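Student: Pasting a structure below so you can have a look.
The values are calculated or read from the model by the stated rules, or taken from the named source; none is laboratory data. All values reported here derive from a predicted model rather than from experimental measurement. Methodologically, a virtual Cβ is constructed for each residue, glycine included, from the backbone with ideal geometry; neighbour enumeration extends over all protein chains shown.
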Amino acid sequence: MLHRSIQLAVIDMAGTTVADDGLVLAAFHRALDDIGVREDVVRIRMTDYVVETMGESKITVFRALLGEEDDAQAANRAFERAYGELISAIKPLPGAVETFAALRERGITVVLTTGFARPTQDAILAHLGWHDLVDAALCPGDVGGRGRPYPDMILTSVLRFGVPDVRAVAVVGDTASDIAAGLAAGASIVAGVTTGAHDRDRLRNAGATHVLDGVADVVELILPS
């Protein structure tokens, strides 16, 4: 299938279309403070895991780190609260808004996805004024709770917008989890961008079909010249 046949673009937020300047880790450390994790060695180990799993559902990450569901839920609430308090610092990455517009002008549906909970995703969209710039925005809670690396948000988008073939989907993200989700969904384009958590080698090793300098390069990749 040719790239010009793309009908749906599923694009990540933080690190791909949104520059948050390290706010994910800042909010994570605030969450650790709130739940009483003080030991430096433990905090370093946990931080390394957060970086390794960047892009995944945050509640899933806290479950892996803390084990107990109540602890994970408390940490996730603290994280979302902290991120919300820092949200005024986020800004669009270069070319993000123009990419949304160019794709939609050519009839391609644009869906934004995230590992954040719905209130945080909505707060980001409201802060940036993006609600009307894309066709939909999905979080793990919208699809039964399974975020990346599962393909659920992508496949939900396929079903919601009646895309007849998963090969008509392009997935774009900045993490290995984004790439894993796109490959699991069967998308024909699974592109990594180097503006976020994972570098070019990590994205390529994860199986990205393309590695781009930024989201602005998506237009040239997807649209016919």
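Student: Say we look at segment 39-84 and pick out the residues that are of a type in the set (Gly, Ala, Ser) and more than 25 Å from Gly196 (Cβ to Cβ); which of these is surrounded by the fewest Cβ atoms within 10 Å (Cβ to Cβ)?
Tutor: Taking the candidates together, the pick is Gly67.
Student: Looking at segment 1-56, which of its residues are within 25 Å of Gln121 (Cα to Cα) and either in contact with an Asp or Glu (Cβ under 6 Å, 6 or more places away or on another chain) or of a type in the set (Gly, Ala, Ser) (or both)?
Tutor: The answer is Ala9, Asp12, Ala14, Gly15, Thr16, Ala19, Gly22, Ala26, Ala27, Ala31, Gly55.
Student: Please go through (1) out of contact with any Asp or Glu (no Cβ under 8 Å at 6 or more places or on another chain); (2) surrounded by 22 or more Cβ atoms within 10 Å (Cβ to Cβ); (3) of a type in the set (Phe, Trp, Tyr) for Phe116 and return the number of the only condition it doesn't satisfy.
Tutor: Single failed check for Phe116: (1).
Student: Which of (1) in contact with a Leu (Cβ under 8 Å, 6 or more places away or on another chain); (2) in a helix (DSSP H, G or I) does Asp122 not meet, given it meets every other one?
Tutor: Evaluating Asp122 over (1) in contact with a Leu (Cβ under 8 Å, 6 or more places away or on another chain); (2) in a helix (DSSP H, G or I) leaves (1) as the failure.
Student: For segment 41-67, how many residues meet the condition of being charged (D, E, K, R) and modelled with pLDDT under 85?
Tutor: The total comes to 3.
Student: Inspect all residues belonging to segment 150-170 and state whether any of them is under 15 Å from Leu221 (Cβ atoms) and buried (at least 20 other Cβ atoms within 10 Å of the Cβ).
Tutor: yes
Student: Let me ask something else. What are the pairs with Cβ atoms under 9 angstrom where one residue, in segment 44-67, is more than 17 Å from Tyr150 (Cα to Cα) and the other, located anywhere, is in a helix (DSSP H, G or I) and among the hydroxyl-bearing types (Ser, Thr, Tyr)? Sequence gap at least six, or different chains.
Tutor: Leu65/Tyr49
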